[in-house]
């Protein structure tokens, strides 16, 4: 099929485009600059110049395609408007796609977050809906849940819409800004690798190449109104992640007391998320779509060494 992809030069998009091309799909990638256009072309896709502000252009691209994969967001809005502005802008994009695709049965696959159902005290499943937002959640990750909900709701308008919830840690040889990169930078700055309390809180992870294959499967055969879980490792204690980083850096992994001053003092802006537990299941995704993660797991990928380049 002919697939329109946004965010094709980002961490996930740069794997999704080659995955789609290798499967025989014709791909057109959105590019707002000459550099982005060159990158999209190098990945094997055609280029459509434009940006996420041009809703009419996005509607046209969606209407001309057989399906849409959306993994872009307006990160430039963060400094001035925060997550609220980013989510509001992305919601407008999803509604525009809905106008273009309504009644066609064409697929729309959008990126989501494994944390959108919240901390349930058990592994999150694909059947758990995103928590509602609201004014009381302004400035938190939860404000983006309205985007996931809007995508799922488009199924009622004749769009084969679905959301791929990406694991909290998406790792690969090209990860430049994810959670692992931030933890490693923090450890280098502090001289120790910290974990909150006993570090038993559970995190999930996926190799971004495995996530890309899930986007393809959701596009090709995912039923309308579905959540999918791009999760390879569903429950890794944060302490084990810290110890793996410490062993590569030659630094001790130490407990940071669960104190309102100590945790923010060490983790900074990561404090609000590093103490949470995010166990997640991928059973329904594997059974329904036949998806199986085949890339190295998180701890094995840390052992591969590419997160710890040797200084020249």
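Do the conditions hold for residue 42, that is, is it modelled with pLDDT of 95 or more and out of contact with any helix residue (DSSP H, G or I) (no Cβ under 6 Å at 6 or more places or on another chain)?
So residue 42 passes the test.
Looking only at the range 286-306, count every residue that is part of a loop (DSSP other than H, G, I, E, B) and over 19 Å from the mean Cα position of the chain (by Cα) and tell me the total.
4
Looking at 126, 148, which is the one that is in a helix (DSSP H, G or I), touching a strand residue (DSSP E or B) at 6+ places or on another chain (Cβ under 7 Å) and either at pLDDT 95 or above or under 23 Å from residue 211 (Cβ atoms) (or both)?
Within the list 126, 148, the selection yields 148.
Return yes when residue 63 is assigned to a helix (DSSP H, G or I), touching a strand residue (DSSP E or B) at 6+ places or on another chain (Cβ under 8 Å) and more than 26 Å from residue 230 (Cα to Cα) and no when it is not.
So residue 63 fails the test.
Which of the residues spanning the range 129-145 are within 22 Å of residue 201 (Cα to Cα) and part of a helix (DSSP H, G or I)?
Result: 141, 142.
Give the residues of the range 177-221 that are part of a strand (DSSP E or B) and farther than 30 Å from residue 21 by Cβ, sorted by residue number.
Hits for the range 177-221 are 193, 194, 195, 196, 202, 203.
Report whether or not residue 77 is surrounded by 14 or more Cβ atoms within 10 Å (Cβ to Cβ) and assigned to a strand (DSSP E or B).
So residue 77 fails the test.
Could you give every pair whose Cβ atoms fall below 8 Å, whose first residue belongs to the range 115-130 and is at positive phi, and whose second residue is in a loop (DSSP other than H, G, I, E, B), counting only separations of at least 6 or pairs across chains?
Matching pairs, first to second residue: 118/131.
Being in the same structural domain as residue 92 (by TED's automatic domain parsing), closer than 30 Å to residue 253 by Cα and in contact (Cβ under 8 Å) with a residue 12 or more places away in the chain: is that true of residue 210 here?
Judged against the criteria, residue 210 is a match.
Suppose we keep only residues that are in a strand (DSSP E or B) and over 22 Å from the mean Cα position of the chain (by Cα) within the range 1-42. Which one would you say is surrounded by the fewest Cβ atoms within 10 Å (Cβ to Cβ)?
Ranking the candidates gives 2 first.
All but one of (1) over 22 Å from residue 95 (Cβ atoms); (2) within 22 Å of the chain's Cα centre (by Cα); (3) surrounded by fewer than 17 Cβ atoms within 10 Å (Cβ to Cβ) hold for residue 45, so report the exception by its number.
So residue 45 meets the others, but not (3).
The values are calculated or read from the model by the stated rules, or taken from the named source; none is laboratory data. This structure is a prediction, so every number in the text was calculated from the model and none was measured. Counting neighbours? That spans all protein chains shown, and the Cβs are built from the backbone with ideal geometry, glycine included.
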